[in-house]
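*Asks:* First, the structure itself, so that you have it in front of you.
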Amino acid sequence: MLAIENGSSATASFVGDRQPRCLTYKVRIDYYSSLIMDPSRLKLGSKRPNSQKLELLTIPEHGHDRSFSNGVSGSMNIGFRNISYTVKEGLLFKRKPRKILDDISGEFSGGELTAIMGPSGSGKTMLMNVLAGYTTDGATGDKLVNEVIRNENNFRRRSCYIMQNDDLQPLLTVHEAMTIAADLKMVSKKDKITRVKELIVSMGLWEHRKTRTNSLSGGQRKRLSIALELLKNPQVMFFDEPTSGLDSLSSKQCVLLLKQMALSGRTIICSIHQPSATLFQMFDHLYVLGEGKCLYQGSVKGMLPYLEALSLKCPTYHNPADFLLEVASGEYGNYIPMLRNKSDNGKNQAWKKNHRNTIQMESLDHLGNLMQNGLLTPIHAPPILLPKTPSCDTSLESHQCCQGSYPTSSFHQFSVLLKRTFLILTRDRTLAYSRMLTHTLIAVFLGILYFGIGADASNMLNNFNFMFFTVMFLMMTAFNCITTTFPLELPIITREHFNKWYSLKSYFLAVSFADIPAQMTATLVYSLVTYFLTGQPMESYRLGLFIGMCMLISLFAQSFGLFIGATMDIKNGVILGPFGFLPFIIFSGFFVQLNSAHPYIRWIFHISFAKYGFEGLLLSILGYDRPKLPCNADYCHYNYPEKFLAEMDMDVAKYSSAVMFLLGSSVVLRIIAYFALSVNIKSNRKRR
């Protein structure tokens, strides 16, 4: 296995399974590594060195943990047999099945950079989804690892899937994102710090380590996405359109990076739509799809002779990748059946050739030749320091690297995710500042509007209106704060959860608890300002009951917002979510009282959360034997608070019942929201 160290050498380490010491063969490749590290040293017309200097070095056991190691013994060859995937299209009662993948087979070897190509709609992304385990429902066939039926749980622990859209936390810096990912994936604190720094430097992101991810360029975001997954040290990496949206230079750097990772013994598989001729030559293995069928599987060098055997000759000076896509699209006639039969739908391995030597030098030779001949722009791409790929036998479930579903415990995941969510909330100025400002301004406005109404019996109805507005305001603000932010996390959750960063339970608990302090603080400000400005009774226990009920109303609205956010996107949540409130608002006791309603619909009052919140606020102010109120008018009908509560059909209401209902409903809603989120993530993976 090959790696480039500090610009002047490459180290290939061969470690015996039972040897007490290991031997490292140090190969001098000053010419090629210097081209990659320092493009200014390129001289057109210069020749390759005639020889390679080998030095036999003896290194103590465990003395080369930062060297590159031979990944062949621990590599994973990804095979698949008779893979099919069918979807149904059309109207509800006229849905017809359509095959996206049609009984295809193939094998992608460890240590190779494999490209899956084909025209749009040929099934590239779906094949990636099926092989990565991202899509399981509707797929048939056998998925293999080293010619053995793979265990999906074990495979996902040793693989990762980097999708086309770089879904990153926008408010975290590069270093923070890497550190948090390391906390979730690694145990040793010392190793975390070292590994994070190495990867940031290797990816060329050290100068941008304090830059937030939403300010990174497309190429930088792609490199950060790769670095985040490399912390887990996966043996198999899937990339869906890694060069999409990147310019020519960034695309070359990205593919060169994938090449370096393949040289470390990893299995690198990517889908690519229409690469340039330069990028096309950098791949080791090619898998071509057309109409869901395998048209070719083999080396890049063997592709043109393969097509020429069917009288399909690439025109001179024509990009072979473009010619291949034109053939697969049918521009030269319908050759798909012939190509499918020639490749035996992926089972024919005759054109799959490995042109590397034992230390896998051809990749650097090839890149050096391209740069020397002026066919490849010299690329400044620092060598990435990759640890040895862990050798994990698929048949040994007790192996250390196969234990546990996640790298860290659920409690550790919860604590790390809680810190991350707090950090994001504090930096989301729109949410944090606007929420506090809204609660403060509305509280002051209401306090001025209803100034001193709580101490006068003539303003009893105004006080009644104030209590109802408080219920509505607290419900809508807490609900909207969650509904407009939580759905944005869904793509990030889907990627991180699928790549085994953390369990969904840990994430949901962290999100559930993280927003509570901010919302409760805003609710506390609103409660205190309105309570004193509206002239409510200066009794500490009544103030406590009022604040407590306001917080329970906000907590319930938060839970309802989590449920809506877990089941709908922002647009549908904002539009349809409030409709969930309406039936319960009508039966809150403000518009119609319990005894005035039809007997057949009175049961709705008893399940209305708005009713319990409204009753709780009125009881905290008017209940519990509050004495006769002073009257500053000629006549006050509601001098006695008990009389007013009786006319509102709230004389038998209990504050404790309101507490138990709102608290219990909040817990139940959050449990339902958790399962709804789980279902939504699975359906999101199906839709992709």
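*Asks:* How many of the residues in the stretch 222-239 are touching a residue at least 60 places away in the same chain (Cβ under 8 Å) and either touching a Lys or Arg at 6+ places or on another chain (Cβ under 8 Å) or assigned to a loop (DSSP other than H, G, I, E, B) (or both)?
*Replies:* Count: 6.
*Asks:* Still on this structure, please answer the following. Are there any pairs with C-beta distances below 7 angstrom linking a residue in the stretch 482-507 that is within 13 Å of ASN680 (Cβ to Cβ) to a residue that is acidic (Asp, Glu), with the two at least 6 apart or on different chains, and if so which?
*Replies:* Qualifying pairs under 7 Å: PRO487/ASP569; PRO491/ASP167.
*Asks:* A follow-up question, please. In the list LYS197, LYS210, which residue meets the criterion of being assigned to a loop (DSSP other than H, G, I, E, B), modelled with pLDDT of 90 or more and out of contact with any Lys or Arg (no Cβ under 6 Å at 6 or more places or on another chain)?
*Replies:* LYS210
*Asks:* Another question, if that's okay. Which residues, counting only those in the stretch 568-587, are within 27 Å of PHE508 (Cα to Cα) and in a loop (DSSP other than H, G, I, E, B)?
*Replies:* Scanning the stretch 568-587 gives MET568, ASP569.
*Asks:* Could you tell me whether PHE590 is more than 23 Å from VAL679 (Cβ to Cβ), of a type outside the set (Ser, Thr, Tyr) and outside any helix (DSSP H, G or I)?
*Replies:* yes
*Asks:* Same structure again: Could you tell me which numbered condition PHE283 fails, if it satisfies all but one of (1) surrounded by fewer than 22 Cβ atoms within 10 Å (Cβ to Cβ); (2) not in a helix (DSSP H, G or I); (3) not polar (S, T, N, Q)?
*Replies:* (1)
*Asks:* TYR306 - would you say it is outside any strand (DSSP E or B) and surrounded by fewer than 18 Cβ atoms within 10 Å (Cβ to Cβ)?
*Replies:* Taking the combined requirement at face value, the residue does not satisfy it.
*Asks:* Hey, another quick one. Regarding VAL652, is this residue surrounded by fewer than 20 Cβ atoms within 10 Å (Cβ to Cβ) and assigned to a helix (DSSP H, G or I)?
*Replies:* no
*Asks:* Further question on the same structure: Return the pairs, sorted by first residue and then second, in which the second residue is small (Gly, Ala, Ser) and part of a helix (DSSP H, G or I), the first residue lies in the stretch 433-459 and is closer than 20 Å to LEU543 by Cβ, the beta carbons are less than 6 Å apart, and the residues are 6+ apart or on different chains.
*Replies:* Note: pairs meeting the criteria are HIS439/ALA522.
*Asks:* Would you point out which residue out of ALA177, ALA132, ALA182, ALA139 is modelled with pLDDT of 90 or more and in the same structural domain as LEU289 (by TED's automatic domain parsing)?
*Replies:* That would be ALA132, the only listed residue that is modelled with pLDDT of 90 or more and in the same structural domain as LEU289 (by TED's automatic domain parsing).
*Asks:* Within the stretch 290-344, track down each residue that is more than 30 Å from ARG98 (Cβ to Cβ) and hydrophobic (A, V, I, L, M, F, W, C).
*Replies:* Matches in the stretch 290-344: VAL300, LEU304, ALA309, CYS314.
*Asks:* Against the definition (β-branched (Val, Ile, Thr), touching a helix residue (DSSP H, G or I) at 6+ places or on another chain (Cβ under 7 Å), farther than 27 Å from PHE486 by Cβ and touching a residue at least 24 places away in the same chain (Cβ under 8 Å)), how does VAL196 come out, yes or no?
*Replies:* For VAL196, the condition - β-branched (Val, Ile, Thr), touching a helix residue (DSSP H, G or I) at 6+ places or on another chain (Cβ under 7 Å), farther than 27 Å from PHE486 by Cβ and touching a residue at least 24 places away in the same chain (Cβ under 8 Å) - is met.
*Asks:* Within the bounds of the stretch 513-523, is there any residue that is of a type in the set (Gly, Ala, Ser), buried (at least 18 other Cβ atoms within 10 Å of the Cβ) and closer than 19 Å to GLY616 by Cα?
*Replies:* no
*Asks:* Could you tell me whether the stretch 611-632 includes any residue that is part of a helix (DSSP H, G or I) and exposed (fewer than 13 other Cβ atoms within 10 Å of the Cβ)?
*Replies:* no
*Asks:* Being at pLDDT 90 or above and touching a Lys or Arg at 6+ places or on another chain (Cβ under 6 Å) narrows it down to one residue among ALA522, ALA510; which is it?
*Replies:* ALA522
*Asks:* Okay, next question. Answer yes if at least one residue in the stretch 147-157 is on the phi < 0 side of the Ramachandran plot, touching a helix residue (DSSP H, G or I) at 6+ places or on another chain (Cβ under 9 Å) and in a loop (DSSP other than H, G, I, E, B), and no otherwise.
*Replies:* Scanning the stretch 147-157, I find at least one residue that is on the phi < 0 side of the Ramachandran plot, touching a helix residue (DSSP H, G or I) at 6+ places or on another chain (Cβ under 9 Å) and in a loop (DSSP other than H, G, I, E, B), so the answer is yes.
*Asks:* Given the structure, is THR267 assigned by TED's automatic domain parsing to the domain that holds LEU246, β-branched (Val, Ile, Thr) and surrounded by 20 or more Cβ atoms within 10 Å (Cβ to Cβ)?
*Replies:* yes
*Asks:* If ILE149 satisfies all but one of (1) within 27 Å of the chain's Cα centre (by Cα); (2) aliphatic (A, V, I, L, M); (3) at pLDDT 90 or above, what's the number of the condition it fails?
*Replies:* For ILE149, the exception is condition (1).
*Asks:* Oh, and also: Taking the stretch 514-567 as the region of interest, how many residues are outside any helix (DSSP H, G or I) and either within 25 Å of the chain's Cα centre (by Cα) or among the charged types (D, E, K, R) (or both)?
*Replies:* Counting residues in the stretch 514-567 that are outside any helix (DSSP H, G or I) and either within 25 Å of the chain's Cα centre (by Cα) or among the charged types (D, E, K, R) (or both) gives 1.
*Asks:* While we're looking at this one, here's another question. Run GLU107 past the list (1) modelled with pLDDT of 90 or more; (2) of a type outside the set (Ser, Thr, Tyr); (3) under 23 Å from LEU246 (Cα atoms) and report the number of the one that doesn't hold.
*Replies:* Evaluating GLU107 over (1) modelled with pLDDT of 90 or more; (2) of a type outside the set (Ser, Thr, Tyr); (3) under 23 Å from LEU246 (Cα atoms) leaves (3) as the failure.
*Asks:* Follow-up question, since we're still on this one. Which one is nearest to the chain's Cα centre (by Cα), of the residues in the stretch 100-141 that are in a strand (DSSP E or B) and free of Cβ contacts under 8 Å to residues at least 60 places away in the same chain?
*Replies:* Among them, the one singled out is ALA139.
The values are calculated or read from the model by the stated rules, or taken from the named source; none is laboratory data. These figures come from a predicted structure and were not determined experimentally. Positions of Cβ are generated from backbone atoms using ideal geometry, with glycine treated the same way; all protein chains shown enter the neighbour counts.
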